[in-house]
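Here's the structure we're looking at; comments come further down.
The values are calculated or read from the model by the stated rules, or taken from the named source; none is laboratory data. For clarity, every value in this text was computed on a predicted model and none was experimentally measured. Please note: Cβ atoms are built from the backbone with ideal geometry, for glycine as well, and neighbour counts cover all protein chains shown. Protein only, heavy atoms only, side chains kept; ligands, DNA and RNA dropped before computing areas. Shrake-Rupley method; radii C 1.70, N 1.55, O 1.52, S 1.80 Å.
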Amino acid sequence: MSKHTELGLSEEEVLEMYRIMLTARRVDERMWLLNRAGKIPFVVSCQGQEVQQVAASFALNREKDYSAPYYRDVGVVLALGMSIKELMLQAFAKAEDPNSGGRQMPGHFGSRKLRMLTGSSPVTTQVPHAVGIGLACQMNNDDAIAFVTLGEGSSNQGDFHEGANFAAVHKLPVIIMVENNQYAISVALNEQVACEKISDRAIGYGMHGETVDGNDPFAVYKAVKQAADRAREGTGPSLIEAVSYRLTPHSSDDDDRTYRSEQEVKQAKENDGLISFREYLIAHNILTEENEREMEQTIKSLIDEATDYADAAPYASPDTLLDGVYQ
Amino acid sequence: MPVVSYIEAIKTAMEEEMERDERVFILGEDVGKRGGVFRATEGLYERFGAKRVIDTPLAESAIAGVGIGAAMYGMIPIAEMQFADFILPAVNQIISEAAKIRYRSNNDWTCPITIRAPYGGGVHGALYHSQSIEAIFANQPGLKIVMPSSPRDAKGLLKAAIRDPDPVLYFEHKKAYRLLKEEIDNNEEVIEIGKANLLQEGADITVITYGLCVHYAKEAAKELAAEQGIEVNLLDLRTIYPLDQEAIINAVNKTGKVLLITEDNKEGSIISEVSAIIGEHCLFELDAPIKRLAGPNVPAMPYAPTLEKAFMVNQDQIKQAMLDLALF
């Protein structure tokens, strides 16, 4: 039995997962081009993390669960229903951007319609929010769960600890997924934490903890699916650590050559989960030369269209500056 | 009409709102079985159960942050900080998150949370159980801050805070809990946030203050009226952020002499902003320099009774300041 069928995933589902991962990568690549061309001021990248982001999202109930994504989660937000056009609108900071109407920097996702909590820049404040969603779900006998992501560096924040502990004490339906990409801007993992795995911290909270290969969509899907099942059954939260590598600098304003070797990055690119997943799909005849070409073309034309649309779309009028402070 | 203390008024407001709307719930340290260290939630755990009166782990940022998350879901949390002094670990959640959720999401998400915190000194609380911490939050658009001065206001403002669609900080003076008592109608009064309250009209001087200092100012004014025939125009700010500018301007213009009082340190306090509003709008109506009475600029209130007494703004000082201003 193949890995995907073992997990109950159909060929259509895994192909759809791949399409969204590829879309996230292509959208991100386009944003870098737009940034370097002077069209958009800032990019913060998902590259290297698309596989875990999309695989985890597919393990949720995308019709009813809540999410609190962090700034690299292009793959998560695409999988949960945000469109390429909407992503471009936020990159261009245009009025029609559903995340913030151009008020926030790119990567600050949020959509009430998608039950995606609005995020900020101080890292990890979203963990207690997701726990609050879990608490509300529990109080209302709502079988939705809350899925929250963050980077490994952010797992040092007090809010991570306070939120995780609260969720565990009250056995709340929450999945905390740490996307360990090895770097907190320039500071490598071994200078961020002394524990072997971020998931080791789960023991201290009395919750399930697990580290998986973030480049392996099946391992991530399985871990998050089981965590979702536990959450819905009322056995409480889980801490999932998905390990991958940040393939780009921290952001368009960073230069990663100042703190890591090109050799290291080159090697990580060879282990890119997108490559191995593609190979898997080809080996199982799910991805063919023909549908891959078609997929790439479709994505490219959607990105072209979205870019043109967002570029031409109006900015918020200065008259709206004072709107939305209070009701 | 029943006589109700300040703390009973707070409890009753929460009880009535929880009864009225099942989305309302309380979370905080010791709010459940213990009924709060000051007994502000006494009996609510028994009445509404552990799911609506939640004893949380000892972690203020989570109390605020989890409340914020639940508010985004559509619940109406009342988060209790055991002492206002301990709100500091939650400041990031309050200022970076609660205050900005509506604005940053372009009106998509909202955060209807109330955060209660007992503030103020004169209770042998020393540095970390006595502070007035409101000024930290009073330049954060998106937040509202109310500070009731009486049992009636405590009830009506808390009901308004709970019903407000935006985050409200509610600072209650812990010395007022059992000191202040008054008859309150068993009614459903909801006091509008954003409006100051002209407590008494007078032609000689204007006094503007809030919280427990209102009580001292009222008593001092009574004495001055009886002893010297000085009539005080007394404005209770009620909402200290955003300030009711119109009421401040009107109150100052009526007498041309104004005394501003806070228990907080003087520098950068609420009355600093009130003073700036007066400077901007009332300069040509003033017959005396703006007078401010406040705590001294030391980090916080010491424990020893001599030092605590020396820190606290008291009724005698207020009376003297009023008299000086009237005679100016």
Criterion: in a strand (DSSP E or B) and either of a type in the set (A, V, I, L, M) or in contact with a Lys or Arg (Cβ under 7 Å, 6 or more places away or on another chain) (or both) - qualifying residue of A:V131, A:V148 = A:V148
Could you please find all residues in the stretch B:215-231 being touching a residue at least 40 places away in the same chain (Cβ under 8 Å) and either more than 20 Å from B:G256 (Cα to Cα) or open to solvent by 40 Å² or more (accessible area, probe 1.4 Å) (or both)?
-> B:H215, B:Y216, B:E219, B:E223, B:Q228
Those residues of the stretch A:132-154 which are closer than 20 Å to B:A79 by Cβ and at the interface with chain B (Cβ under 9 Å from one of its Cβ atoms), in sequence order = A:G132, A:I133, A:G134, A:L135, A:A136, A:C137, A:Q138, A:M139, A:N140, A:A146
Which residues, taken from the stretch B:137-156, are under 23 Å from B:E97 (Cβ atoms) and either of a type in the set (S, T, N, Q) or within 13 Å of the chain's Cα centre (by Cα) (or both)?
-> B:F137, B:A138, B:N139, B:Q140, B:K144, B:I145, B:V146, B:M147
Determine if the stretch A:280-290 includes at least one residue that is of a type outside the set (V, I, T) and in contact with a Pro (Cβ under 9 Å, 6 or more places away or on another chain).
-> yes
In the stretch A:292-303, which residues are open to solvent by less than 50 Å² (accessible area, probe 1.4 Å) and either free of Cβ contacts under 8 Å to residues at least 24 places away in the same chain or in contact with a Cys (Cβ under 7 Å, 6 or more places away or on another chain) (or both)?
-> A:E292
Of all residues in the stretch A:128-163, count the ones that are within 19 Å of A:V243 (Cα to Cα), of a type in the set (A, V, I, L, M) and touching a Phe, Trp or Tyr at 6+ places or on another chain (Cβ under 7 Å).
-> 1
Go through the stretch A:225-242 and give me each residue that's of a type in the set (D, E, K, R) and part of a strand (DSSP E or B).
-> A:E241
How many residues, within the stretch B:46-71, are more than 8 Å from chain A (Cβ to nearest Cβ) and part of a loop (DSSP other than H, G, I, E, B)?
-> 3
Which one of these does B:G194 not meet: (1) in contact with a Ser or Thr (Cβ under 8 Å, 6 or more places away or on another chain); (2) buried (at least 24 other Cβ atoms within 10 Å of the Cβ)?
-> (2)
Please determine, by comparing only the residues of the stretch A:160-194 that are within 14 Å of chain B (Cβ to nearest Cβ) and assigned to a loop (DSSP other than H, G, I, E, B), which one is surrounded by the fewest Cβ atoms within 10 Å (Cβ to Cβ).
-> A:K171
Quick check, is A:T124 on the phi > 0 side of the Ramachandran plot and more than 8 Å from every other protein chain (Cβ to nearest Cβ)?
-> yes
Being at the interface with chain B (Cβ under 9 Å from one of its Cβ atoms), part of a loop (DSSP other than H, G, I, E, B) and in contact with a Phe, Trp or Tyr (Cβ under 8 Å, 6 or more places away or on another chain), is that true of even one residue in the stretch A:85-97?
-> yes
Search the stretch A:101-145 for residues being without any contact (Cβ under 8 Å) to a residue 24 or more places away in the chain and among the aliphatic types (A, V, I, L, M), and hand back the single one that is surrounded by the fewest Cβ atoms within 10 Å (Cβ to Cβ).
-> A:M139
Only one of (1) more than 18 Å from A:S57 (Cα to Cα); (2) surrounded by fewer than 24 Cβ atoms within 10 Å (Cβ to Cβ); (3) touching a Gly at 6+ places or on another chain (Cβ under 7 Å) is not met by A:P98, so which one is it?
-> (3)
Checking A:N285 against (1) over 25 Å from A:V54 (Cβ atoms); (2) part of a loop (DSSP other than H, G, I, E, B); (3) free of Cβ contacts under 8 Å to residues at least 40 places away in the same chain, which test does it fail?
-> (1)
Among the numbered criteria (1) at the interface with another protein chain (Cβ under 10 Å from one of its Cβ atoms); (2) open to solvent by 10 Å² or more (accessible area, probe 1.4 Å); (3) polar (S, T, N, Q); (4) touching a strand residue (DSSP E or B) at 6+ places or on another chain (Cβ under 6 Å), which single criterion is violated by A:Q157?
-> (4)
